[in-house]
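The values are calculated or read from the model by the stated rules, or taken from the named source; none is laboratory data. Remember, predicted model here, so these are calculated numbers, not experimental data. Cβ placement follows ideal geometry from the backbone for every residue including glycine, while neighbour counts extend to all protein chains displayed.
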Amino acid sequence: KLGINVGLIDSGYRPDLVEEAIISGLDGQWYSSKGRGIGAKDSEMKKPHGIPGKVGEFGVFYKPQKRLVRTLFIDTNKWKTNVHTAVTCDLEHSHAMSIFKSLKSRIEILGDHLAAERPVKVTAKGNTKYEWETTSRENHFFDCITGCYAAASLHGIKKETDIKIQKTRKRRSRNLYG
């Protein structure tokens, strides 16, 4: 069996509790994370000047002032677009994510969570981005997969991301726009 020894813990709700859990000695590499959707009219995420850290495709990774642990700040619009692309592209593509070896009930739950948000193409200041809008449905698994993609990128794992968002899919009958 493979164990989980790397992960992100969302610090948006209780950052002190997340920090305490990480410091308490969880096995492996666990990081605080905070997601924010960077829109077409927003400037890109930047690390505060003079603070050590990393900036990359994964986001911005540093230890904020008044905090004891490093935090990965991610652009949720970017990563949700990558996840959406992975579940809607042809299965032969190297970016594809397949979930079809799971129990039907699990696939349905995951599908519901993936369909709980929809991309809206927005152009502003010469930038075009997909900004994700939530519905009133549960989206926790979508957020978890989004975090997994960002964490994998932080550790150097990459997949092709040159596919455009598709509204329909030949092989899959479920429309992810719910």
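Across segment 110-137, which residue is modelled with the lowest pLDDT among those that are within 18 Å of ALA86 (Cβ to Cβ) and in contact with a Phe, Trp or Tyr (Cβ under 7 Å, 6 or more places away or on another chain)?
If we filter segment 110-137 for residues that are within 18 Å of ALA86 (Cβ to Cβ), which is where we start, we get 110-119, 129-130, 132.
Now narrow it down to the ones that are in contact with a Phe, Trp or Tyr (Cβ under 7 Å, 6 or more places away or on another chain): 110, 113-119.
Numbers: LEU110: 85, HIS113: 91, LEU114: 90, ALA115: 90, ALA116: 92, GLU117: 94, ARG118: 93, PRO119: 94.
Checking each candidate, the answer is LEU110.
Considering only segment 34-90, state which residues are free of Cβ contacts under 8 Å to residues at least 40 places away in the same chain, assigned to a loop (DSSP other than H, G, I, E, B) and surrounded by 15 or more Cβ atoms within 10 Å (Cβ to Cβ).
ASP42, LYS47, PRO64, ARG70
For segment 128-161, which positions are in contact (Cβ under 8 Å) with a residue 24 or more places away in the chain, within 17 Å of GLU57 (Cβ to Cβ) and more than 11 Å from the chain's Cα centre (by Cα)?
LYS129, TYR130, LEU154, HIS155, LYS158, LYS159, GLU160, THR161
Could you list all residues from segment 91-108 that are outside any loop (DSSP other than H, G, I, E, B) and over 22 Å from GLY7 (Cα atoms)?
Matches in segment 91-108: LYS104, SER105, ILE107, GLU108.
Of the residues that make up segment 7-17, is at least one among the β-branched types (Val, Ile, Thr) and either surrounded by 14 or more Cβ atoms within 10 Å (Cβ to Cβ) or modelled with pLDDT of 90 or more (or both)?
Yes, segment 7-17 has at least one match.
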